[in-house]
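Participant: Take this structure, written in structure tokens, and hold onto it; I'll ask about it next.
The values are calculated or read from the model by the stated rules, or taken from the named source; none is laboratory data. The model shown is predicted, which means the values in this text are computed figures rather than measured ones. Here the Cβ is made from the backbone with ideal geometry for all residues, glycine too, and neighbour counts use every protein chain on show. Accessible surface is based on the protein model in full, side chains and every heavy atom, while ligands, DNA and RNA are left aside. Shrake-Rupley method; radii C 1.70, N 1.55, O 1.52, S 1.80 Å.
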Amino acid sequence: MPDPTTYGDPLAALLTRVRHCELCAGHLPFGARPVLQMDSCARILIAAQAPGRKVHETGIPFNDASGDRLRAWLGISREVFYDARQVALVPMGFCYPGTGTSGDLPPRPECARAWHGELLPHLQHLQLTLVIGQYARAYHLPAETGTLTQVVHAWRKNWPNLIPLPHPSPRNNLWLKRNPWFEEELIPVLQGRVAEVLGHDR
């Protein structure tokens with residue numbers, strides 16, 4: 001297949017630059033391997049944190065237990081999830097940051113500063129942004145205060161175009177147990193909104 005950058009596709013050229021980025025390689029335990037998914041036709045943006053170890057190894061975003069849970073929350077298949085024309089996956093950090101004492105380290109800050117301002121304007125057909133975790137919340141919802149739980153609980157404030165979510169990691173099982181309203185109240189309407197945006201029958 002011909003390289004789309006040779007035909008003047010600005011997003012393809014930009015994504016090529018992003019995928020060769022090594023801005024913070026010296027801080028990464030396994031080196032740079034930017035992982036993201038994007039097409040200008042995408043109607044849903046999933047703004048999460050950073051790839052985990054398994055995602056770093058495979059180069060496939062959310063190719064882990066977190067991804068399985070996230071797809072269940074959204075009510076979509078892997079086929080739909082990995083269709084860049086429908087779903088954009090642009091985390092706060094594109095590379096695996098390594099592991100700390102209580103899980104993965106925070107996303108490296110270089111990604112958002114260097115690339116988000118160039119990438120996100122290409123999403124001209126965006127109808128829904130899912131903001132996952134505290135670091136994405138700080139970037140996409142800078143005016144929101146309070147804990148992540150409080151921000152997610154107040155999801156109606158930004159409905160229907162932006163929805164804050166907790167991270168779907170198995171490490172958040174206790175949070176889900178303590179906050180049953182999330183799966184009882186928010187997940188059904190989230191699935192309905194996703195189906196509406198993507199034009200799918202439920």
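Participant: Note down the net charge around Gln37, summing +1 for each Lys or Arg and -1 for each Asp or Glu among other residues with Cβ under 12 Å from its Cβ.
Facilitator: That works out to 0.
Participant: Given contacts defined as C-alpha pairs under 8 Å and at least six residues apart, what's the relative contact order of the stretch 30-199, whole-number percent?
Facilitator: Computed value for the stretch 30-199: 29 percent relative contact order.
Participant: Using the Cα centre of the chain as the reference point, and only Cβ charges (+1 on K/R, -1 on D/E), how large is the resulting charge dipole? Debye, rounded to the nearest 20.
Facilitator: Computed charge dipole of the chain: roughly 420 debye.
Participant: Identify, among Ala12, Val131, His116, the residue whose Cα sits farthest towards the positive end of the charge dipole of the chain, taking +1 on the Cβ of Lys and Arg and -1 on the Cβ of Asp and Glu, with the dipole about the Cα centre.
Facilitator: Value: Val131.
Participant: Using a/c under 1.5 as the rounded threshold, could you call the stretch 30-199 rounded, prolate or oblate? The axes a ≥ b ≥ c are square roots of the C-alpha gyration tensor eigenvalues, and prolate needs a/b larger than b/c, oblate otherwise.
Facilitator: Rounded shape, in that the Cα axes give a/c under 1.5.
Participant: May I pose another question? Within 12 Å, Cβ to Cβ, of Pro51, how many net charges do the neighbouring residues add up to if Lys/Arg are +1 and Asp/Glu are -1?
Facilitator: Values: positive: Arg33, Arg53, Lys54, Arg108; negative: Glu57, Asp64, Asp104.
Summing Lys/Arg as +1 and Asp/Glu as -1 gives +1.
Participant: Something else: Can you give me the distance in nm between label points at Glu110 and Leu174, each placed 7 Å from the Cα along the Cα-to-Cβ direction?
Facilitator: The two pseudo-label positions are separated by 3.4 nm.
Participant: Any idea of the accessible area per residue across the chain, 1.4 Å probe, to the nearest Å²?
Facilitator: With the other protein chains kept in place, the chain gives 51 Å² per residue.
Participant: Out of the DSSP beta bridges found with both residues in the chain, what percent are antiparallel (nearest 5)?
Facilitator: Around 20 percent antiparallel, to the nearest 5.
Participant: Give me the percent of the accessible area of the chain that comes from carbon and sulfur atoms, probe 1.4 Å, all protein chains in place.
Facilitator: 51 percent
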